[in-house]
Amino acid sequence: MSRAEDRSTARRALIVIGLVLATLLGLALVWATRRVLVWGLVAAFFAVALNPLVDRVERRLVRRRALATLLVFLATFVLLAALGAMIVLPLADELGRFADRAPELLREARAGRGPLGEVLNRFHLLRYADTHADQIERYGSRLGQPAVGVLRGVLEIVAAVLTVVVLAYLMVLEAPKIIAGTLQLIGDGAAERLRRIGRDSSRIITGYLSGNLLISVICGGLTFAVLFLVGVPFAGVIALVVALADLVPLVGATIGAIVAAGAGFLHSPTAGVVVLVFFVVYQQVENHLLQPVIMARAVRLNPLTVLVSVLLAAELAGLVGALLAIPVAGIAQVLLREFAHAGRQALAVPAVPGPERRPAGGRAPGDGNAPPAGG
């Protein structure tokens, strides 16, 4: 092997090693900043969803982008705050009543009377509490130890929410400048294609949010009907909590079912069983019928594609994957349609015809009116 071939082989090996190291470094960087990347992805999701509303407010009510963005975000915040107040205030009032009755309920439970006392007697929990009093006391003393961890988790959630809101606000505010600057860097054909992709992607995300909201309204309405029929108090508040929890894919309906079934069992065992059976049936209907069909109409995806996308994304990326699975699948379909269409157009370019060849001493095809040679 010559010296030039040795140098060429060594150069290729160094290039491969460099590419591998760069890939590993990029993956490590993504993993180290995964929290910030998730925040940015969620912020972009909500920014794309709110951007059409901001554009409409800017065209019809105000002429300044900053004011239109501020109005939309304030209206969204007021709506969420009103929903939170509708949930928190009745629950706080009920917790106050429970705190006032707690000593009496505790005396009744120890004496084996009342609903709680009957449950403790039925499952022999009073006997267990008497024989393991010291162990229960030790467990109770340990409950305060993870308070610092809980407080840290709450602060992290608050920081994440504020970060997502600020990022989404800035994305919506600067969207026209970012889009205009990007389109200036490319040609007219590519710019038109990017406009179509952006318009279709925005429609998909807006459709996903509206479809998810419709499913939550159906879940909340049916929950209210069941709770009202079995006589559970505060049926409206509990149904609202279930509807909001149902906005979270996969685990939201389960959380809402736990809340509603717990309220039903506190009211009566019969009510608890009825609510529990309702949620077992409803979750199957929602997961395999409502969500695929409604999301297929809102996002214009095949119901089978919707269901498979949610299952695969939840398995690969957990809750965030389940949240973004349907819009990502819709955007992937838009990209595939655009670039597949461009590829078909490139392949369908007709060949340039060459000059016609005349037979020797004869006429070209179609020259029926041509004069004879030598004429």
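The values are calculated or read from the model by the stated rules, or taken from the named source; none is laboratory data. Keep in mind the model is a prediction, meaning the values are calculated, not measured. For neighbour counting, all protein chains shown are included, and Cβ atoms are generated from backbone atoms with ideal geometry for every residue, glycine included.
So here's what we get for this one:
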quantity	calculated
Ala75 vs. criteria free of Cβ contacts under 8 Å to residues at least 12 places away in the same chain and surrounded by fewer than 12 Cβ atoms within 10 Å (Cβ to Cβ)	no
Qualifying positions in the stretch 154-198 - closer than 22 Å to Arg65 by Cβ, exposed (fewer than 12 other Cβ atoms within 10 Å of the Cβ) and among the charged types (D, E, K, R)	Lys177
Matching residues in the stretch 314-328 - criterion: being surrounded by fewer than 21 Cβ atoms within 10 Å (Cβ to Cβ) and in contact with a helix residue (DSSP H, G or I) (Cβ under 7 Å, 6 or more places away or on another chain)	Ala314, Val320, Gly321
Scan of the stretch 185-197 for residues that are of a type outside the set (Lys, Arg) and modelled with pLDDT of 80 or more, ordered by number	Leu194, Ile197
Some residue of the stretch 30-51 being more than 30 Å from Ile204 (Cβ to Cβ) and either at pLDDT below 80 or under 30 Å from the mean Cα position of the chain (by Cα) (or both)	yes
Ala257 being aliphatic (A, V, I, L, M), assigned to a helix (DSSP H, G or I), buried (at least 16 other Cβ atoms within 10 Å of the Cβ) and in contact with an Asp or Glu (Cβ under 9 Å, 6 or more places away or on another chain)	no
